[in-house]
Every structure is written in structure tokens, then in C-alpha cells.
1. Out of all the residues in the stretch 44-61, which are more than 13 Å from VAL79 (Cβ to Cβ) and small (Gly, Ala, Ser)?
2. Quick one: which strands (runs of 3 or more DSSP E) lie wholly within the stretch 7-95 and hold at least 2 residues that are modelled with pLDDT of 95 or more, on the phi < 0 side of the Ramachandran plot and open to solvent by less than 20 Å² (accessible area, probe 1.4 Å)?
3. Take the residues in the stretch 106-118 that are open to solvent by 50 Å² or more (accessible area, probe 1.4 Å) and among the hydroxyl-bearing types (Ser, Thr, Tyr); name whichever of them is nearest to the chain's Cα centre (by Cα).
4. If SER31 satisfies all but one of (1) in contact with a Lys or Arg (Cβ under 9 Å, 6 or more places away or on another chain); (2) over 21 Å from SER105 (Cβ atoms); (3) of a type in the set (Ser, Thr, Tyr), what's the number of the condition it fails?
5. Please enumerate the residues belonging to the stretch 19-44 that are over 12 Å from the mean Cα position of the chain (by Cα) and closer than 19 Å to LYS87 by Cα.
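The values are calculated or read from the model by the stated rules, or taken from the named source; none is laboratory data. All figures in this text were calculated on a predicted structure; none of them were measured in a lab. Counting neighbours? That spans all protein chains shown, and the Cβs are built from the backbone with ideal geometry, glycine included. Areas reflect the complete protein model, heavy atoms only, side chains present, ligands, DNA and RNA absent. Shrake-Rupley method; radii C 1.70, N 1.55, O 1.52, S 1.80 Å.
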Amino acid sequence: QVQLVESGGGLVQAGGSLRLSCAASGRTFSSYAMGWFRQAPGKEREFVAAISRSGGDTRYADSVKGRFTISRDNAKNTVYLQMNSLKPEDTAVYYCAARSFVGVSASRYDYWGQGTQVTVSS
């Protein structure tokens, strides 16, 4: 099992930046591919970004490509989501999640954090 705790959310103006962190504890962090998802009020949870166990393979949703960057530090048991050029439509609760292999489908992720709120004002 692995426990995940997100941090770094907050309120930011459009065009600004935030960096989310997700700290993992429990089983070996490097055994898991990691993903970021988000859910806005009244909408389905959607894929944002994912990274393989080694960090060599990354995936992004088209809506965030070129603006968001996922990275990980296996020595610190942490995955990050750097979010630049934020837009009001990025407003959502952001979740990190873990699974054995990198992927974009939320249903394939085994472990989830509690989420952190990101609000982008116009």
C-alpha cells in the first residue's frame, strides 16, 4: 500500500503559476507510476498528466500540454505538477494517484490522495 498527500493548491490569478506536490509513504515510491487528475464541480474526473516509475516517460492531456510539467524525485518520494499560464478553466480539485504502470485511465489507478483545491481567477 502507499499513502498519498497532496499540497500546494491555492488561489492564483489567470496567467500565474502553482506547483503541486504529492508526498508518498508506505511501499517503495519508485515501484509506482504516478498520475495527476482533476475534477471540477459537476464534471467527471479527468486525466492531467502521468509519469513512469523512472520518470523517463510522461503523458499529458492536450488541454495542459505545454503549460504543465510533471516530474518526480524518487529520493524524496514526491511527485510534482508545475502549472504555468493558468486559466480559469484549470480550476478544480487536483488529485495524485499511483499504479504499477504509467497510464491515463483513472480507473486503473490503485491509490489516491485526498486532493488539493486549485482556483484560478480571471
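1. Answer for the stretch 44-61, where residues must be more than 13 Å from VAL79 (Cβ to Cβ) and small (Gly, Ala, Ser): GLY56, ALA61.
2. Here the list reads 18-26, 33-39, 46-51, 68-73, 78-83.
3. Of everything passing the filter in the stretch 106-118, TYR111 is nearest to the chain's Cα centre (by Cα).
4. (2)
5. Within the stretch 19-44, ALA40, PRO41, GLY42, LYS43, GLU44 qualify.
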